[in-house]
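Reading through the structure tokens given below for one structure.
A short reminder: the numbers here are calculations on the coordinates, not readings from a lab. These numbers come from a predicted model, not from an experiment. Here Cβ is always computed from backbone atoms with ideal geometry, including for glycine, and neighbour counts include all displayed protein chains.
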Amino acid sequence: MAVYKEPKTNTWRVIYRYTDWNGERKQSQKRGFQTKREAQSWEREQLNKLGSDLDMTFRSFVEHYEEDRRSRIKDSTWESKEHIIRTKLLPYFGKLKMSSITPQQIVRWQNELINYRDKDGAPYSPVYLKSIQNQISAIFNHAVRYYNLKENPCKKAGSMGKKKNREMAFWTKDEYLQFIDAMMDKPLSFYAFEMLYWCGIREGELLALTPADFDFDKRTVTINKTFQHTGGKDIITPPKTEKSNRTITMPRFLADEMQEYLKMQYDIGIDDRMFPVTKSYLYREMQRGCKETGVKRIRIHDLRHSHISLLIDQGFSAVAIADRVGHESIDITYNYAHLFPSKQAEMADKLDMERGI
């Protein structure tokens with residue numbers, strides 16, 4: 001690399017040569033530095049990056065992290081990661097060297113986030129704090145695994161936040177029936193919420209549905225894709241997990257409702273989206289319905305919890321429920337354990353019998 005002054009503009013320029021991942025020699029440059037020190041500082045940072053030297057800044061390593069990870073995950077997943085990195089990590093760690101970030105600095109950063117309050121005095125939720133913690137730890141784990149960082153400072157600093165909220169919000173069947181009455185004036189909204197509640201599908205799975213996904217002779221709907229609006233574009237991708245690829249049998253009344261809805265769509269193609277709206281539309285409609293009926297406000301995703309709680313109340317096993325909603329059965333058992341009827345008394349009685357009491 002070399003640093004030169006450009007007399008015409010009275011600024012500094014860096015010219016650097018490097019070998020790309022194909023082993024080819026390349027040359028590039030950057031102009032416009034106001035001082036020689038700025039140019040040399042940038043030059044050193046590029047040398048650190050090109051050599052994967054962890055004397056590079058956290059900001060520079062994030063560029064490596066993005067190059068390594070972005071093509072391996074969904075665009076929507078990267079957008080969530082990028083927002084946390086840009087707003088919660090770079091402002092604090094961006095200028096620090098990767099190799100010199102300490103557990104003490106992690107702890108001080110955690111404390112700032114834990115003590116944060118917005119204009120209404122509300123803190124970040126425990127789940128959001130956990131998401132932020134997971135992201136910074138993932139970056140340092142990547143550095144340990146692939147770039148020879150000695151250790152992840154987050155391990156010594158400890159975690160913050162919680163993976164799950166303490167209480168899971170959901171509607172009873174009666175609450176849902178009150179809510180859905182308010183949707184009768186808009187067929188798209190009515191039929192969309194019917195699918196969400198009675199099938200327990202995710203928002204993205206609903207918004208990706210096409211007429212081709214339905215078999216009304218068998219009363220089934222096949223879930224094999226999901227919808228997301230990202231980067232200003234509508235994108236259809238595979239479902240969240242492999243387990244999410246599934247075929248759901250609909251109750252007879254719902255199959256009839258979906259046939260009614262399709263008859264209203266005079267010009268819909270077999271592969272066209274049946275619900276050509278966004279998640280924000282569903283959110284607004286849910287807010288409207290709650291306001292009109294007085295039913296407590298929950299998230300769209302909580303309709304999925306509501307469906308699962310209904311099935312548990314009807315006595316279905318965790319394995320059967322998991323197959324329907326596209327979860328692992330262990331997740332159903334863990335996340336909804338408090339809803340399953342307790343077998344403790346029955347167990348104790350049977351142990352008494354074994355003992356002969």
Expressed as a rounded percentage, what relative contact order does the stretch 173-339 have, with Cα pairs under 8 Å and six or more residues apart? 28
Within a 10 angstrom radius of the beta carbon, how do E45, E346 rank from fewest other beta carbons to most? E346, E45
How far, in nm, would the chain grow between R72 and N245 when pulled straight, counting 0.36 nm per residue and subtracting the alpha carbon separation? 60.3 nm
Computed D for the chain, Stokes-Einstein, Kirkwood radius over alpha-carbon pairs, 10 °C, 1.306 mPa s, to the nearest µm² per second, is 64
Once you list every other residue whose beta carbon is under 11 Å from the beta carbon of P251, what net charge do they have if Lys and Arg are +1 and Asp and Glu are -1? -1
Around E82 (Cβ within 15 Å, Cβ-to-Cβ, excluding E82; K/R +1, D/E -1) the net charge comes to +2
Provide the FRET efficiency to the nearest 0.05 for the L90-K296 pair, computing r from the beta carbons and using R0 = 30 Å. 0.20
Beyond 19 Å, how much of the Cα-Cα pair distribution for the stretch 146-240 remains, as a whole percent? 64
Quick one: work out Rg over Rh on the C-alpha atoms of the stretch 252-299, Rh as Kirkwood radius. 1.09
Relative contact order (%) - criterion: Cα under 8 Å, at least six apart; region: the chain: 12
Calculate, in nm to one decimal, what E151 and D256 gain on full extension: separation in residues at 0.36 nm each, minus their alpha carbon distance. 32.0 nm
Only Lys, Arg, Asp and Glu count, each charged at its Cβ (+1, +1, -1, -1), so figure out the dipole size of the chain about its Cα centre, rounded to 20 debye. 2260
Quote to one decimal, in nm, the extra length available between A138 and M184 on full extension: 0.36 nm per residue of separation minus the C-alpha distance between them. 12.0 nm
Against the 2.2 N^0.38 Å scaling, with N counting residues, where does the stretch 173-339 land? I'd like the Cα-based Rg ratio to two decimal places. 1.01
Towards the positive end of the charge dipole of the chain, with charges on Cβ (+1 Lys, Arg; -1 Asp, Glu), say which of H142, Q34, M258 has the farthest Cα. Q34
Where does the charge balance sit around G289 when Lys and Arg score +1, Asp and Glu -1, over other residues with C-beta under 14 Å from its C-beta? 0
